[in-house]
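Quick notes on the structure that follows.
Just so you know, all these numbers are worked out from the coordinates, no wet-lab data involved. Keep in mind that what you see is a predicted model, and the values were worked out from it rather than measured. Note that we place each Cβ from the backbone using ideal geometry, even for glycine, and neighbour counts take in every protein chain shown.
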Amino acid sequence: MSTTIEIGDLVWNGHGGWLRFGYVTKKQRADNGWVYFTVDWLRDEKYQSAQDYYYSINPKGNYGLVDFRPGQLYRIEPERLNDILEAYSVVQRQGDVLEAYSAG
């Protein structure tokens, strides 16, 4: 898997103890030499709610990032994510086995 992030890639970012998932919509190099990515976040209500709360406390503040550097985003292989979710689904269906194992 390439670790280079490109437009259209599925990415994740950790914030406040939860994972944010989205896809890259823009890639640009700034005057400072850094590459920045713009991400369209998927089902990101929890993060948006937190930013709205911060803004309600201090409306003059600047909350939430719009552009992200490569070290703030991590590329995801959708197929691998599907495999992981499927494996977890199998584990959930085997709940009785897990409870017996953890009690053991």
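Cβ-Cβ distance of LEU81 and LYS60, R₀ of 30 Å, FRET efficiency by 1/(1 + (r/R0)^6): the value works out to about 0.20. Between GLN92 and VAL35, full extension at 0.36 nm per residue minus the direct alpha carbon distance yields a gain of 16.5 nm. Descending by average beta-carbon neighbour count within 10 Å, the peptides 30-43, 49-62 line up as 30-43, 49-62, the highest first. With the convex hull constructed from alpha-carbon coordinates only, region 22-87 shows a mean projected area of 6.2 nm² over all directions.
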